[in-house]
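Enquirer: Here it is, the structure, as structure tokens.
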Amino acid sequence: MKIKVCPICGSEAKCRKLYGNLYDVTCSNCGLRLRSSNKDKCIDTWNTRFFERTVEPEVNEIVGVRIEHIRKKRDFSQRELALRAGVTWHIINAIENGKCIADYDMIVKLADGLGVSCDFLLRGKEKHVE
């Protein structure tokens, strides 16, 4: 089964066996990671959970994935991000898991807390005006 590219940065992702029955698919560039106890399930989940969401974008889900990725890259816990953004950690958890829709005000707070632009959270890239 072929592993699709990373939905965050577009780089190659690889599957590897960690130990016992634990497998992990990791992006070679940005480090986005998914783990599962079955190799085929791990690859299939990577391909559907992340990639298909970017082909038929549901902004709420994509934003949740980006928030989680950036938060982990910055080594913030959900509680730490919540403090930085001025929200509760329950909201961070719900947004990251696609159970809560982040409105405009929430996007602004989370972008500030993560140190990125709203444009990056919504579109995955910075908008440059020339």
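No value in this document is a laboratory result; all are computed from the given coordinates. None of the values given here were measured: they were computed from a predicted structure. Using ideal geometry, Cβ is built from the backbone for each residue, glycine included, and neighbour counts are taken over all protein chains shown.
Enquirer: Cα extents of the stretch 59-123 along the three principal axes, largest first, in whole Å?
Expert: Largest first, the stretch 59-123 extends 24, 22, 20 Å along its Cα principal axes.
Enquirer: For the cross-link pairs K4/K73; K41/K73; K2/K72; K39/K73; K17/K41; K2/K39, which exceed 19 Å when the distance is taken from alpha carbon to alpha carbon?
Expert: With Cα atoms farther than 19 Å apart: K4/K73; K41/K73; K2/K72; K39/K73.
Enquirer: With r defined as the distance between the Cβ atoms of K41 and S77 and R0 fixed at 25 Å, what FRET efficiency is calculated, to the nearest 0.05?
Expert: Approximately 0.35, to the nearest 0.05.
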